[in-house]
Structures are given as C-alpha cells and as structure tokens.
1. For region 1-119, which fully contained strands (runs of 3 or more DSSP E) count at least 1 residues that are charged (D, E, K, R)?
2. Check L59, L39 and return the single one that is surrounded by 14 or more Cβ atoms within 10 Å (Cβ to Cβ) and under 18 Å from V7 (Cα atoms).
3. Pairs needed: first member in region 37-49, within 14 Å of V82 (Cα to Cα); second member anywhere, acidic (D, E); C-beta distance under 8 Å; at least 6 residues apart or different chains.
4. Let me spell it out: the conditions are (1) under 14 Å from the mean Cα position of the chain (by Cα); (2) more than 15 Å from M99 (Cβ to Cβ); (3) surrounded by fewer than 20 Cβ atoms within 10 Å (Cβ to Cβ); (4) modelled with pLDDT under 95, and V70 meets all of them except one. Which number is the exception?
5. Sort through E165, E180 and tell me the only one that's outside any loop (DSSP other than H, G, I, E, B) and either modelled with pLDDT of 95 or more or not hydroxyl-bearing (S, T, Y) (or both).
6. Checking the structure you have, find out if any residue of region 140-150 is surrounded by 23 or more Cβ atoms within 10 Å (Cβ to Cβ) and either over 21 Å from T96 (Cβ atoms) or of a type in the set (K, R) (or both).
7. For E160, work out the one condition from (1) within 13 Å of the chain's Cα centre (by Cα); (2) acidic (D, E); (3) surrounded by fewer than 17 Cβ atoms within 10 Å (Cβ to Cβ) it doesn't fulfil.
8. Going by what's in this entry, would G186 be described as closer than 24 Å to L79 by Cα and either basic (K, R) or out of contact with any strand residue (DSSP E or B) (no Cβ under 7 Å at 6 or more places or on another chain) (or both)?
Amino acid sequence: MSMYKKVSCSVRSCTGLSFAGTPYCREHCPSPEDAVKNLVDRVCAEGSAINIDFSLINLKGADFSRMRFVGCRFGNATLSHVLFTGASFRLCFFDTASMDCCDFSGVDMDFCSLGDTDIFDCSFENSELIHVNFDGSLIRESTFSSSNLYDSRFILAEIEHSRFEDCDFKRVFFIPARSESVSTNGSNITEAIKDLEHLYI
C-alpha cells in the first residue's frame with residue numbers, strides 16, 4: 001500500500017495518474033493551473049497535507065510555512081520561491097524535483113528523501129534534518145548552517161558554494177561526488193563518514 005494516494009485518470013484507456021487532486025492526469029486536466037491553485041488553497045486552509053501526491057506540480061510563491069506534511073510525494077515537481085519555513089515533514093519524497101529560492105529554514109524533517117534533486121539558492125538553516133537522503137543531488141548556493149543532520153546522506157551529491165556551518169554531522173554520510181567552496185566551519189565534520197568503505201545499508 002502506497003503512502004500517497006495513487007488515483008488513475010478518469011479518462012477511459014488512459015494509464016496516467018490523477019494530477020493535483022483532480023480526476024484527470026495532467027494531459028487530460030482541462031486547467032492544470034486552476035487545479036494547482038485549488039490544491040494549494042485547500043492545503044493552506046487545512047494547515048496540513050496527508051498522503052498527497054504533488055508530482056509534476058509547478059509551484060511558484062506558495063506559502064506552506066508551519067504546515068504539516070506526512071506521506072507526500074513531490075516527484076519531478078518544480079518549486080520556485082516556495083516557503084516551507086518551520087514546516088514539519090514525515091516520510092515525504094522530493095526525489096528528482098527542482099527547487100530554487102525555497103525556504104526550508106526551521107523545518108523538522110524526518111525519514112524524507114531529496115535524492116537526485118536540483119537544489120539552488122535554498123535555505124535549510126536551523127533545521128532538524130534527521131535520516132534525510134540527499135544522495136545524487138545537485139546542491140548549489142544553499143545553506144544548511146546551524147542544522148542537525150543526524151544520520152542523513154549526501155552520497156555522490158554535487159555541492160557547490162554552500163554552507164554547512166555549525167552543523168551536527170554525527171553519523172552523516174558526507175561523500176559528495178564533487179564539492180567546491182563548501183564551508184563546514186564550526187561543525188563536527190570529523191564525526192561524518194567520508195568514505196564508501198564504511199557505508200552500510
């Protein structure tokens with residue numbers, strides 16, 4: 001049983017999944033923009049999103065500050081200038097999403113995945129990022145400073161011009177494929193696992 005709801009498109013013979021809470025896939029949705037707006041309005045009104053599939057969604061300027069996300073999926077989503085400030089996430093998946101200028105500062109994120117995600121100019125400052133997967137992601141001009149990264153993974157990620165200052169690296173797998181201008185000042189980076197020989201699954 002999947003955490004997020006998989007609902008098939010209502011159009012007969014279509015194998016696509018419903019988009020943004022509508023009965024139709026993105027291709028058959030009469031107005032994808034209205035569907036996205038309606039979904040965002042509903043989530044904001046309820047203050048939480050439980051088992052919602054946001055895949056393929058294009059969000060710009062939405063404010064999800066201090067909201068609660070459980071079992072949600074953002075696969076291949078495009079998120080620009082979205083505020084998640086102070087939000088909480090449990091078992092959420094952002095794999096293969098694209099994010100620019102998004103604010104995740106002060107979030108409480110447990111058992112989530114941002115694998116193969118394009119992260120540009122985003123803030124994860126002052127956050128609890130526990131058991132979070134960033135494997136294979138491209139992280140540029142972003143900050144994770146003053147965050148607890150306990151047991152998170154940055155395996156084969158590419159990290160450029162980003163800050164991990166005053167972070168807790170205990171049991172963190174920090175094994176980027178490439179890193180450039182990455183600052184870890186004030187962090188216990190010596191407690192991170194930095195070679196694949198010590199990788200456990």
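The values are calculated or read from the model by the stated rules, or taken from the named source; none is laboratory data. Everything numeric here is computed off the predicted structure, so don't read it as measured data. Note: ideal-geometry Cβ built from the backbone for every residue, glycine included; neighbour counts use all protein chains shown.
1. It comes to 58-60, 68-70, 88-90, 98-100, 108-110.
2. L39
3. What qualifies is C44/D63.
4. Unmet for V70, out of (1) under 14 Å from the mean Cα position of the chain (by Cα); (2) more than 15 Å from M99 (Cβ to Cβ); (3) surrounded by fewer than 20 Cβ atoms within 10 Å (Cβ to Cβ); (4) modelled with pLDDT under 95: (4).
5. The match here is E180.
6. Within region 140-150, one or more residues are surrounded by 23 or more Cβ atoms within 10 Å (Cβ to Cβ) and either over 21 Å from T96 (Cβ atoms) or of a type in the set (K, R) (or both).
7. (1)
8. When the stated conditions are applied, G186 does not pass them.
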